[in-house]
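The values are calculated or read from the model by the stated rules, or taken from the named source; none is laboratory data. Being a predicted model, the structure only gives us computed values, none of them experimental. Please note: Cβ atoms are built from the backbone with ideal geometry, for glycine as well, and neighbour counts cover all protein chains shown. Side chains included, ligands, DNA and RNA excluded: accessible areas come from the protein's heavy atoms. Shrake-Rupley method; radii C 1.70, N 1.55, O 1.52, S 1.80 Å.
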Amino acid sequence: MSRDIETLKLIQTSFPGRDPLIEKAFNDTRSFTDLCEDYRKCFAALHRWRRRTTAEASRRHQEYTDLLMELGREIETWLEDAETESLPTNRRTA
């Protein structure tokens with residue numbers, strides 16, 4: 001599986017219910033693609049450190065856990081902003 005497909009699938013799994021938005025942004029917006037790639041790399045590093053049992057591994061595991069949460073918040077904010085921008089601005093109410 002290519003890195004791009006692997007990254008896209010991870011983001012879609014991590015942020016469910018937004019597959020079309022994620023796929024479009026991933027293919028059309030370089031900054032979003034880069035953010036998603038950083039998330040995938042951090043996710044992979046976290047799992048590598050999780051398998052180790054040294055004191056350093058414990059510290060690194062916590063660092064990558066914190067970083068993954070931060071990157072996840074950035075992706076979540078990006079998606080929320082993209083959803084808001086795609087809503088019609090002059091909707092009528094019944």
- Item | Contact order normalised by residue count of segment 4-70, Cα under 8 Å, 6+ apart, percent | 24 percent
- Could you compute the FRET efficiency for Gln62 and Glu85, with r as their C-beta to C-beta distance and R0 at 22 Å, rounded to 0.05? 0.05
- Task: Please work out how much accessible surface Ile5 shows to a 1.4 Å probe, ignoring ligands, DNA and RNA, in Å² rounded to 10.
- Result: 90 Å²
- Query: Which order do Asp19, Asp28 take when ranked by solvent-accessible area (1.4 Å probe, heavy atoms of all protein chains), largest first?
  - Reply: Asp28, Asp19
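Under the rule of -39500 (n - 2.57) per DSSP H run of 4 or more residues, summed and divided by the residues of the chain, what mean residue ellipticity at 222 nm is obtained, to the nearest 500 deg cm²/dmol?
-27000 deg cm²/dmol
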- Task: At 1.4 Å probe size, with no ligands or nucleic acids counted, give the accessible surface of His61 in Å², nearest ten.
- Result: 50 Å²
- Note on the structure: For the pair Arg48 and Lys9, the simple spin-label estimate (label points 7 Å beyond Cα toward Cβ) gives in nm 2.0 nm
- Item | Size of the chain as Cα extents on the principal axes (Å, biggest first) | 61, 28, 20
- Message: Can you compute the charge dipole magnitude of the chain about its Cα centre, using +1 on each Lys and Arg Cβ and -1 on each Asp and Glu Cβ, nothing else charged? Give it in debye, rounded to the nearest 20.
- Response: 440 debye
